[in-house]
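Below is one structure, written out as C-alpha cells; comments come after it.
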Amino acid sequence: MADILVVDDDQSIATAFEHFLRFEGHECRLASNAEDAVRLIGERQPTLIMMDVRMPGVDGLQALRDIRSRFPGVYVVMMTGYGTSQTSIDAIREGAYDYLTKPLDLDELREVIRKALATQQTSDNTAAPAIDAGPQPALVGETAAMREVYKVIGRLAAIDVPALVVGEHGTGKQLVIATIHDNSPRRDRPFVSIDCTAVPEASLEAELFERATGTVELAGVEALTLSLQARLARALGEGARGTAAGAATGRLRARVIASTDQDLPALVAAGTVSRELYHALSVITLHLPALRDRRDDIPLLVRHLIQRFNADLNRTVKGVDETVARMLQEHEWPGNVGELESVIKRACILARGDVITADEVGQTLAGEPMPARQEVESALVRAVRTALQERLVDSSSTEESSVFHDIIDLVETALVKEALTITNGNQLKAAGILGVNRATLRKKMPGD
C-alpha cells in the first residue's frame, strides 16, 4: 500500500481518483492547489504525487519545481488534458517521474503507479536540475509513442551525456536532437548537424575537438572511418570517467548525439562499426516511431504543416477534404513525416482553392511522385537546347551575347513569375524562395 497525494482542482476527477486508489489498496489524500499540496507534503511526505498541470494560482509545472526543490525524494507524475510536446518535455526535465494525458487510461495509470513504487524501492532519487524553458520545438504528435519520445527528450535535456537516436529516414532525427539541445544547458552554444557520409574527416574532427560547439549530431554515424570511430570512442570514454572536456588535445568540446537509420548491431557484427563506439553511444538510445505506427497523429501533422506553408508561401489553405484525409490515413508513408511534408507543401503550392483536394495529392500518393531533381535538370537542359537552336535559326543578329542574354532573361522572368504566383504576389516571400534580394526580384519581374 502506498500513500498517494492527488493534486487537482477538478473535484470530480479528484474524487474519482480517490475511489480508484482506495479500491487498488492505496491511501489517498487530496489537494486542490499547489499551496495545499506543499502543506500536506510537509505534514507527511507521500510515496507518490499525482498532479495536474493546469491549476488556479501556481500552475503544476511551477509547483513541480517547488516540490522537487523542497522534497527531492518524492516521485511526481504530471497529468493534463491540454498537453503539448513542450509541456511533456518540460515536466520530465523538471524531474517528473512520468507524464499522463487525460482522459486517463486506468490500465496505464495502474502500470505507472506500479513502476514508480518499484523504482522508488530500488533506487535513490535525486532532484533533476531546474533549467529555464528553451525555444519551442516543432515536434508534433499526441500519440502514446510520441509522448514516450517527449519524455526521453526531457531526460536527455537534463543530463549531459552522449546518446543515439534511431529511426527510419524522415522520422525527424535531426529535429529531435535539436530539441534536446534547445532544452539543455548547452542551448546558448551552437548546434551543428554533420552528415558523416559527406563531411571531410578534418572538418568533423575540428567540430568535435576544437570548436566550442554545444551539441553535434553525427548523422549517419556508421559512415565514420574506423580510425575516427576509435578516437571518438576513447574521447567519449574519457568524458564518462569525468575528464574535463577540452582540457587537452583529444578531449571532446561538444556533446555528441549520433543518429542512424541503420541496424548498428548488425554493422558491429560485420566489423564496419566499432563495438566500443556503439556501446559508448547506445547507453541511452531513443527510437523514433515510423509515421505508419502513429497514424492518429496524421491529422495534427497536416494542420501544422498547412499552417507553416501558409505562412511561408503566403497561401490561405484551410485544410483537406474528406477524400484527401482518407488517402493520407491509408498511405503507407515509407518516407515518414518527411514524405508527408513534401506532399503537403506540393499540395499547398498547387491548390486552386482554400481546400486541398485529391487533384493536388492523388498522383503523389498513387506512386507518381514529383520528378526527381535529375529528371527536372534534364528537361531544363533540353528546353535550353531547343531555345538556343530556335534563336540561332531565327535571329539575324550577329552579336553572340544577345542569344545568351535572351535565354537567361527568359528563364529569370519565368522563375520570378512562378514564385510570385506561388506566393500570391508577395514579393518578399517570392524573393526568399528564389534566394535573391527583393531589389533583384523587382528588376526581373514581368513587364519591368
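Key figures
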{"quantity": "Region 156-179, residues that are open to solvent by less than 30 Å² (accessible area, probe 1.4 Å), β-branched (Val, Ile, Thr) and out of contact with any Ser or Thr (no Cβ under 7 Å at 6 or more places or on another chain)", "calculated": "171, 176, 179"}
{"quantity": "Residue in region 122-133 that is at pLDDT 85 or above and hydrophobic (A, V, I, L, M, F, W, C) present", "calculated": "no"}
{"quantity": "For residue 352: the one exception among (1) closer than 27 Å to residue 165 by Cβ; (2) open to solvent by 60 Å² or more (accessible area, probe 1.4 Å)", "calculated": "(1)"}
{"quantity": "Residue count, region 309-326 (criterion: outside any loop (DSSP other than H, G, I, E, B), open to solvent by 50 Å² or more (accessible area, probe 1.4 Å) and in contact (Cβ under 8 Å) with a residue 12 or more places away in the chain)", "calculated": "2"}
{"quantity": "Matching residues in region 69-89 - criterion: being within 19 Å of residue 112 (Cα to Cα), open to solvent by 10 Å² or more (accessible area, probe 1.4 Å) and in a helix (DSSP H, G or I)", "calculated": "87"}
{"quantity": "Selection count where residues are open to solvent by 60 Å² or more (accessible area, probe 1.4 Å) and part of a loop (DSSP other than H, G, I, E, B), scope region 260-295", "calculated": "5"}
{"quantity": "Filtered residues of region 11-50 (kept if open to solvent by 60 Å² or more (accessible area, probe 1.4 Å) and of a type in the set (D, E, K, R))", "calculated": "22, 24, 27, 35, 39, 43, 44"}
{"quantity": "Single residue of region 219-242 satisfying the filter (surrounded by 14 or more Cβ atoms within 10 Å (Cβ to Cβ) and in a loop (DSSP other than H, G, I, E, B)) that is modelled with the highest pLDDT", "calculated": "220"}
{"quantity": "Matching option when the condition is crowded, with 16+ Cβ neighbours inside 10 Å, outside any helix (DSSP H, G or I) and modelled with pLDDT of 90 or more, among 298, 306, 257", "calculated": "257"}
{"quantity": "Near pairs, Cβ below 7 angstrom, 6+ apart or cross-chain, from region 87-98 (closer than 10 Å to residue 147 by Cα) to any residue that is part of a loop (DSSP other than H, G, I, E, B)", "calculated": "89/183"}
{"quantity": "Enumeration of residues in region 327-345 that are surrounded by fewer than 14 Cβ atoms within 10 Å (Cβ to Cβ) and in a helix (DSSP H, G or I)", "calculated": "329, 330"}
{"quantity": "For residue 39: the one exception among (1) out of contact with any helix residue (DSSP H, G or I) (no Cβ under 7 Å at 6 or more places or on another chain); (2) closer than 18 Å to residue 113 by Cβ; (3) not hydrophobic (A, V, I, L, M, F, W, C)", "calculated": "(2)"}
{"quantity": "Hey, residue 216 modelled with pLDDT under 90 and not in a helix (DSSP H, G or I) or not", "calculated": "no"}
{"quantity": "Pair list, Cβ under 8 Å, 6 or more apart: region 425-448 residue surrounded by fewer than 16 Cβ atoms within 10 Å (Cβ to Cβ), other residue modelled with pLDDT under 75", "calculated": "442/448"}
{"quantity": "Residue in region 78-87 that is modelled with pLDDT of 85 or more, out of contact with any Lys or Arg (no Cβ under 8 Å at 6 or more places or on another chain) and not polar (S, T, N, Q) present", "calculated": "yes"}
{"quantity": "Matching residues, region 193-206, being outside any loop (DSSP other than H, G, I, E, B) and open to solvent by 30 Å² or more (accessible area, probe 1.4 Å)", "calculated": "193, 195, 201, 202, 203, 205"}
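The values are calculated or read from the model by the stated rules, or taken from the named source; none is laboratory data. Keep in mind the model is a prediction, meaning the values are calculated, not measured. Please note: Cβ atoms are built from the backbone with ideal geometry, for glycine as well, and neighbour counts cover all protein chains shown. We work out accessible area using only protein heavy atoms, side chains counted, and drop any ligands, DNA or RNA first. Shrake-Rupley method; radii C 1.70, N 1.55, O 1.52, S 1.80 Å.
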